[in-house]
Amino acid sequence: MALKIVKGSIDRMFDKNLQDLVRGIRNHKEDEAKYISTCIDEIKQELKQDNIAVKANAVCKLTYLQMLGYDVSWAAFNIVEVMSSSKFTYKRIGYLAASQCFHESTDVIMLTTNQIRKDLSSPNQYDTGVALTGLSCFVTPDLARDLANDIMTLMSHTKPYIRKKAVLIMYKVFLKYPESLRPAFPRLKEKLEDPDPGVQSAAVNVICELARRNPKNYLSLAPLFFKLMTSSTNNWVLIKIIKLFGALTPLEPRLGKKLIEPLTNLIHSLYVWDFFVVKYLGLLAMSKILKTHPKSVQSHKDLILQCLDDKDESIRLRALDLLYGMVSKKNLMEIVKKLMLHVDKAEGTTYRDELLTKIIDICCQSNYQYITNFEWYISILVELTRLEGTRHGHLIASQMLDVAIRVKAIRVFAVAQMATLLDNAHLLTGNMQRNGICEVLYAAAWICGEFSEHLENPMQTLEAMLRPKVATLPGHIQAVYVQNAAKLFATVLKSQEGNTDGTAAQETSQLMIERLPLFVQSANLEVQERASCILQLVKYIQKLQQKDVEVAEEVSALFAGELNPVAPKAQKKVPVPEGLDLDAWINEPPSESESEDEQPKAIFTKEEHKHSRPRHTEVDEKELAKRREARKQEQANNPFYIKASPSSQKVLTSLPMSDQYVKLEEERRQKQRVEKKKKEKKKRKEKHSGRGKKRDSGPESEEDITPAHMVDIVTEEMPEILIQAKFKCVSVLFCLSRPLADSDKLPVRSHRAAEAAKSPGEAGDAESAAAQEPKKKSGKDKREEKKKDKDRDRKVRLKCCCFFNLQGLSSCCWHVCDIQGNLQDGSQVVVSVIFENKCDGFLKSMEFNVLDSLNAKLQRPEGSGPHDGLTVPFQLPPGVSNEARFVFTVQSIVMPQKLKGTLTFIVKNEDSSTHEKLDFKLHFTCTSYLITTPCYSDAFAKLLESGDLKCSSVRLEGVSMPFHHLLARICFHHHFSVVERIDSCSSMYSRSIQGHHVCLLVKTTVSIDAKCDEPTLLGNVLDEIKQTFSQC
């Protein structure tokens, strides 16, 4: 025996250990595979030896080779042998190898049950710990069932080290063997009050992960978690608890009101930057409580406004999102006033732009539901024009236009403010970039022109719109200036022709003739065309004026009538007149005999040869100084030249401050309250019948505040074809609070002997637990069955004609989506969703969420988690629809894909509010990644001749429709454009958002030959085209 031990020790001296293996692999870079093959042969020989130390060394080397990608499943039995070693050093190697190599289909895993049970009951805590750690990596349903009772016993171990590991591994056991949750839950609940903070943290983690799957099971633990949240000093435990309460609050509305105070204390006390995560999650939890208890959160408005001064930008942005849902008719003006103060002192344009957009979003949400005085809102928009360097000038301009068009009572005030902006236009031209603050001049010019009858001094506004400085504005703004100058000209003529002196009208015409040539010379074609037409019209009017002919009525008739807002989908409802072929040529195409090699003639300027251009003569210093002095003199005498000013502060004269409207609005509300009390007092006198005095009506509610101006609500039109499909998510609910029955207890099992002893009660426990509660509500079940039958019938009726991509719709909230790619960003897809309320209740707190895949992800605000939903930025009264857009980031576009999502919302009726949840599927077709792109025939021919495109073809069976209808259907549904059409065939082109070229040759024989530089994308597009025509 002694000789055998000595021989084994000598053999080990010459064996390669792990360090030798790694060193050898590094030294054999050129023939690494050959060297590793030799090492594996050596390891196989080592595994055949009886010495456990040699086997452990071999298994250690195999573990490293498995990390390099080599299959070592053939050594599974040897790994079990090393696991059973009595020496901890070797046992640890065995469990490490098992955790990396074993999986559910490993045959020898059944042999480990008794060995693991033996290690779990070992008096050495490290043997038990390594067994628990290894088991967590390869636990199977059979192992979970056989060892659940042993692991549950370890949850009461004397060592915190073992208790913590046992609690954590129970989560894996619950996943593999759900029946163990009921008997283990009381002991898991005890660990929440364990004296060791590590064990306590582990229990919180396990329950939080379980609650993510089914939070309803853990409502009974809310008091215990509330106690932990108010007493724990562990920040990571607080983070988990706050997340857990975020899942429990929608299920128990009373919980939200209880959580407000501790969350407020957390946010108040955590001003140190180390705790910004807890602070952030506190705000996140309050945003979820806001959906069920808005009044409770609104009472802490000042605290949330304080978070806007936080150093961390993510906390500031989360506070902004919270403010969006906190506004009401009462506090809107106060919140916006404080946000405006933050705008003035905000550092950096990014955060300031975020504040600007949030102010506008807060005010315009739900069709301006919370604005009671639109004069105040117009003044806010005008104050926002003072911001320099903003990139949201277009957003401000669109709000000015929207309010002026839809709120008729505000037009007089709006026109006066826009006229003042035009008078001070030189202060807004500092940022000439697209979407800069100069965009508000677009709205100001259009409003003053369209509603010019409300101007006090239209002649002054006309002169302001024709200043030479206007020529420096972007082309699209100049075009609006010119067009609306013509409207103002008509208004001025109408007011001046009524006077006895007719020279004023002629002077106005002369002013137009003098100023418009500046716009005729513009580099923008749209400005040129409008200015040229209007200039010729004014010259003709001037000739008529010289003959004393009154033309004001005729000129005003050019712009008569009010422009009403039109729904975007309205054009589709207009039938095509009989006999009109939209695909026919307006003019005959040029004949093929004409030469395509002719040089195009110069249209706007005469061509000059390079040698005929005059050379610039050299200028001496005296001449340069003379010209410089002349230029300075000219600038000094030019009233339209902006001189340098020592102060960069913008001061717009005659513009009202928004603060004065806060006071005026308070006075108006006070007056309304007094009038209301008088009416109530009068009614009580009329109905007085000897009863005692009634109490006061209480504080003013949201419904009591009537707006000073009404808004015209324009609803979106719904397409004719919708899809409706409702999916039910069935989850087993365990009643964790009731006492354990005999069938719930986990029996002490022996190795592989438990399957035959399984009782029928055990096997049906989950079904009985799930079916217990519905038995009490059989009447409700019958009503739900009737509702399901109706939904099923409706689904069948619509299924025959469906082609939209959103499924999972409800009878109270209908969606339809339009998916479009973004050519500027090849990784973005914009999904437009129309929501329409079909029920009698009020829909609010809608949240749209999609489960991200590896290829497609929903773009969420900065600071949001991957599972957070997006709040739909409006509410829906009964019968009203609205549209929201969501942006997705897509990596590969060559394959179609489906994403699962949910829509949660609250249905508020007169007597109650209910939470609803809808599941749906969003289908991204390859066609949705194509952009309709025009292509000329010569460029199309060069593309086909390049040789870079791959070919494919498809034949459309059973299609009997006119050829031009077939082409129109391909263009409309699949985003193609017609390049050239001959009698028997037509060439078509489209381009993907990532630059892939897709070319089609469609023949009258109803076959399609196609080419594309991405074969997979081409095949899927052809399949989608074939599917479109198979549904005809």
Point to revise | Calculated from backbone phi, Karplus (6.51, -1.76, 1.60) coupling profile of the range 391-397 in Hz, x at Gly/Pro | key: 9, 10, x, 5, 5, 5, 4
**Study point:** Label-zone membership for the range 847-874, site Q891, 7 angstrom Cα→C-beta point, backbone N under 15 Å
**Key:** 852-858
Review point. What does the highest-first list of 397-405, 384-392, 15-23, 572-580 look like by mean Cβ count within 10 Å?
Key: 397-405, 384-392, 15-23, 572-580
**Study point:** Filter on K408/K682; K240/K857; K48/K165; K329/K671; K408/K487 - keep pairs with C-alpha separation over 28 Å
**Key:** K408/K682; K48/K165
Point to revise | Projected-area average for the range 46-123 over all orientations - Cα convex hull basis, square nanometres | key: 5.1
Review point. Shape of the range 311-451 from its Cα gyration tensor (a ≥ b ≥ c, root eigenvalues): rounded if a/c is under 1.5, otherwise prolate when a/b > b/c, or oblate?
Key: oblate
Revision key, fill the gap. One finds, for D983 and S1030 with R0 = 25 angstrom and r their Cβ-Cβ distance, a FRET efficiency to the nearest 0.05 of 0.45
**Study point:** Built amide H within the under 5 Å cut-off of K950, gap 5+
**Key:** C1012, D1013, E1014
Review point. What number comes out for the charge environment of K91, summing +1 per Lys or Arg and -1 per Asp or Glu over other residues with Cβ under 13 Å away?
Key: +1
Exercise for review: Kindly report, to the nearest 10 Å², the accessible surface of V108 as traced by a 1.4 Å probe over protein heavy atoms only.
Suggested key: 30
Review point. Residues with beta-carbon under 13 Å from that of G947, excluding G947: net charge, scoring Lys, Arg +1 and Asp, Glu -1?
Key: 0
Check your understanding: Hey, what D do you get for the range 1-158 in µm²/s if you plug the Kirkwood alpha-carbon radius into Stokes-Einstein at 20 °C and 1.002 mPa s?
Key -> 128
Review point. Can you work out the FRET efficiency for the pair K942 and E862, with r the C-beta to C-beta distance and R0 = 30 Å, to the nearest 0.05?
Key: 0.10
**Study point:** Sites H915 and S832, calculated FRET efficiency, Cβ-Cβ separation with R0 25 Å, nearest 0.05
**Key:** 0.45
**Study point:** Linear extension gain, H923 paired with L251, 0.36 nm per residue minus alpha-carbon span
**Key:** 238.9 nm
**Study point:** Mean Cβ neighbour count within 10 Å, used as a protection proxy, ranking 981-991, 76-86, 545-555 highest first
**Key:** 76-86, 981-991, 545-555
Review point. Rule-of-thumb check for the range 71-189: C-alpha Rg over 2.2 N^0.38 Å?
Key: 1.01
Check your understanding: Roughly what would the spin-label model give for A33 and D548, points 7 Å off Cα along C-beta, in nm?
Key -> 10.6
Review point. V520 to K671: extension gain in nm, 0.36 nm per residue of separation minus the Cα-Cα distance?
Key: 48.9 nm
Practice item. Give the Kirkwood hydrodynamic radius (Å, one decimal) of the range 901-1020, defined as one over the mean of 1/r across all pairs of different Cα atoms. Key: 16.7
Revision key, fill the gap. Taking only the alpha-carbon positions of the range 355-420 as identical scatterers, the Debye log10 I(q)/I(0) at q = 0.13, 0.16, 0.19 Å⁻¹ comes out as -0.32, -0.49, -0.70
Review point. Using the per-residue mean of other Cβ atoms lying within 10 Å as a proxy for protection, in what order, highest first, do the peptides 931-939, 866-874, 316-324 fall?
Key: 316-324, 866-874, 931-939
Review point. With each pseudo-label sitting 7 Å past Cα toward Cβ, what's the N457-V574 distance in nm, one decimal?
Key: 4.2
Point to revise | Rh (Kirkwood; distinct C-alpha pairs) - the range 826-944, Å | key: 16.7
Review point. Quick one: what do you get for the range 156-220 if you divide its Cα Rg by 2.2 N^0.38 Å?
Key: 1.04
Practice item. With 5 Å bins from zero, work out the P(r) of the range 457-538 over every alpha carbon pair and list the percent per bin. Key: 3, 16, 29, 24, 15, 7, 4, 1, 0
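The values are calculated or read from the model by the stated rules, or taken from the named source; none is laboratory data. Remember, predicted model here, so these are calculated numbers, not experimental data. Virtual Cβ from ideal backbone geometry, glycine too; neighbours counted across all protein chains shown. These area figures cover heavy atoms from the full protein model, side chains too; ligands, DNA and RNA do not enter into them. Shrake-Rupley method; radii C 1.70, N 1.55, O 1.52, S 1.80 Å.
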